[in-house]
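Novice: Before we start, here is the structure in question, set down as structure tokens.
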Amino acid sequence: MKNVLLLGATGSIGTQVLDVIRTNAEYCLKAFSFGNNIEKAKKIIEEFKPTMVCASHSYDIDTLEEEYPDIEYVIGDIGLQTLVSYDVENPVVINALVGAVGLMPTAVAIDNGRDVILANKEALVIGGEIIMQKAQEKHVKIIPIDSEHSGLFQLLEGKNKEDINKLIITASGGAFRDKTKEELATVTKEEALNHPNWQMGDKITIDCATMMNKGFELIEAHYLFDLDIDKIEPILHRESIVHAMVEFKDGSVFAQMATSDMHLPIQYALEYPHHLKNDLIQKLDLTKVGNLHFEELSYERYPLVKVAKDALKAGGLQCTILNAANEAAVKLFLEEKISFVEIEKIIINALKNPKYQGFNEGAVNLMKIMTLHEMVYNDLYYQYS
């Protein structure tokens with residue numbers, strides 16, 4: 001029996017993790033965390049009978065304690081760290097949180113010598129160097145759930161890094177791929193949340209529309225696969241059938257292809273290195289797909305992809321500023337306090353703000369990262385609210 005410790009159980013990825021757990025009696029959901037959806041959390045408790053639950057709010061714990069008194073409850077950021085450290089046999093840590101909140105529990109899980117199945121890309125965007133160094137020192141694996149990084153992870157298994165010419169990750173183009181930059185000035189929240197290929201949470205769907213998500217994925221791939229970011233290329237691929245490709249020095253190009261279904265990378269991460277049958281996953285029929293299209297990704301049309309690359313190259317805590325500004329701007333847009341095009345402007349201005357540049361001096365550590373992240377996020381959110 002493998003005991004799953006799941007962060008972010010009520011979100012989009014967390015919900016699909018639970019789907020996969022249901023199909024395999026080998027897995028037991030021993031502990032989980034949730035944010036604001038207490039009704040969904042109750043249903044998870046009743047179905048899976050966990051022994052530890054982490055909530056974001058104390059009032060939710062008060063409610064749950066009355067109905068489920070035999071569960072151990074923890075709260076907030078410290079609770080997340082307690083959860084990934086939970087003393088159970090054969091622990092499987094899955095981080096499906098959204099945002100910078102996922103950094104510290106990832107680090108703590110690694111410090112406890114535990115492999116991490118990672119959907120929380122922000123942990124690597126803001127803390128990638130520290131996280132990967134910890135993983136190397138503790139001899140633990142970081143197994144990605146992102147469809148693109150899962151694809152690369154599968155393609156690179158057993159291959160020599162020296163043979164790689166470049167990595168290629170695909171992008172659907174998001175909800176506004178057919179709109180000009182001028183047309184973006186009047187788009188609505190509802191339009192932005194209408195992703196053409198995937199069903200995801202609100203935040204990541206907006207990141208796909210701005211293409212910031214692809215910028216984050218370049219940074220994530222840089223850390224996961226220890227390759228220069230200029231050797232990681234994003235391309236547009238509308239069908240979202242090819243998720244990743246590896247070009248080797250001899251000109252061979254290997255591709256990982258599958259239907260647009262996150263159950264597949266989730267199951268692969270849980271069952272690594274095996275590819276087991278799962279009836280949740282629809283098989284790919286290329287005769288029905290017909291054609292696959294690939295286009296160059298324009299940095300002029302999608303400037304935030306280049307902004308992300310430049311932030312990584314600049315070093316220091318520029319990626320922390322990048323992520324904090326993006327989290328604040330996306331929240332502001334979802335609350336309809338700013339327009340879609342203002343997301344880009346807020347992020348670019350934050351990266352140039354001299355107020356934050358002093359943090360780039362001296363050594364980088366987790367506390368410094370989180371302190372700066374909170375400062376930038378709060379500054380921007382309250383400035384535009």
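The values are calculated or read from the model by the stated rules, or taken from the named source; none is laboratory data. What you see is a predicted model; the values in this text were computed from it and never measured. Please note: Cβ atoms are built from the backbone with ideal geometry, for glycine as well, and neighbour counts cover all protein chains shown.
Novice: Just a yes or no: is a residue in segment 81-104 surrounded by fewer than 17 Cβ atoms within 10 Å (Cβ to Cβ) and outside any loop (DSSP other than H, G, I, E, B)?
Specialist: No: segment 81-104 contains no residue that is surrounded by fewer than 17 Cβ atoms within 10 Å (Cβ to Cβ) and outside any loop (DSSP other than H, G, I, E, B).
Novice: Which is surrounded by fewer than 19 Cβ atoms within 10 Å (Cβ to Cβ) and free of Cβ contacts under 8 Å to residues at least 60 places away in the same chain, of T259, T205?
Specialist: Values: T205 fails: surrounded by fewer than 19 Cβ atoms within 10 Å (Cβ to Cβ).
Of the residues listed, the single one that is surrounded by fewer than 19 Cβ atoms within 10 Å (Cβ to Cβ) and free of Cβ contacts under 8 Å to residues at least 60 places away in the same chain is T259.
So that you can scan it fast, the table gives a plain yes or no per residue for (1) aliphatic (A, V, I, L, M); (2) free of Cβ contacts under 8 Å to residues at least 60 places away in the same chain; (3) surrounded by 12 or more Cβ atoms within 10 Å (Cβ to Cβ); (4) in contact with an Asp or Glu (Cβ under 7 Å, 6 or more places away or on another chain):
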site: K277; (1), (2), (3), (4): no, yes, no, no
site: E296; (1), (2), (3), (4): no, no, no, no
site: L304; (1), (2), (3), (4): yes, no, yes, yes
site: D310; (1), (2), (3), (4): no, yes, yes, no
site: T320; (1), (2), (3), (4): no, no, yes, no
site: I346; (1), (2), (3), (4): yes, yes, yes, no
site: L366; (1), (2), (3), (4): yes, no, yes, no
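Novice: Examine segment 130-146 for a residue that is within 15 Å of G8 (Cβ to Cβ), of a type in the set (A, V, I, L, M, F, W, C), assigned to a helix (DSSP H, G or I) and modelled with pLDDT of 95 or more, and state whether such a residue exists.
Specialist: no
Novice: For segment 112-129, give me the residue count where each residue is touching a strand residue (DSSP E or B) at 6+ places or on another chain (Cβ under 7 Å) and part of a loop (DSSP other than H, G, I, E, B).
Specialist: 4
Novice: Okay, next question. With the requirement that a residue be of a type in the set (D, E, K, R) and either in contact (Cβ under 8 Å) with a residue 24 or more places away in the chain or not assigned by TED's automatic domain parsing to the domain that holds D111 (or both), what does segment 61-83 give you?
Specialist: Step one: filter segment 61-83 for residues of a type in the set (D, E, K, R), giving 62, 65-67, 70, 72, 77.
E67, D77, listed by residue number.
Novice: Further question: If we scan segment 173-192, do we find a residue that is surrounded by fewer than 16 Cβ atoms within 10 Å (Cβ to Cβ), of a type outside the set (D, E, K, R) and either part of a helix (DSSP H, G or I) or in contact with a helix residue (DSSP H, G or I) (Cβ under 7 Å, 6 or more places away or on another chain) (or both)?
Specialist: For segment 173-192, residues surrounded by fewer than 16 Cβ atoms within 10 Å (Cβ to Cβ), of a type outside the set (D, E, K, R) and either part of a helix (DSSP H, G or I) or in contact with a helix residue (DSSP H, G or I) (Cβ under 7 Å, 6 or more places away or on another chain) (or both): present.
Novice: Select from segment 133-162 the residues that are closer than 23 Å to E122 by Cβ and small (G, A, S) and write down the one among them that is surrounded by the fewest Cβ atoms within 10 Å (Cβ to Cβ).
Specialist: Residue satisfying both the conditions and the ranking: A135.
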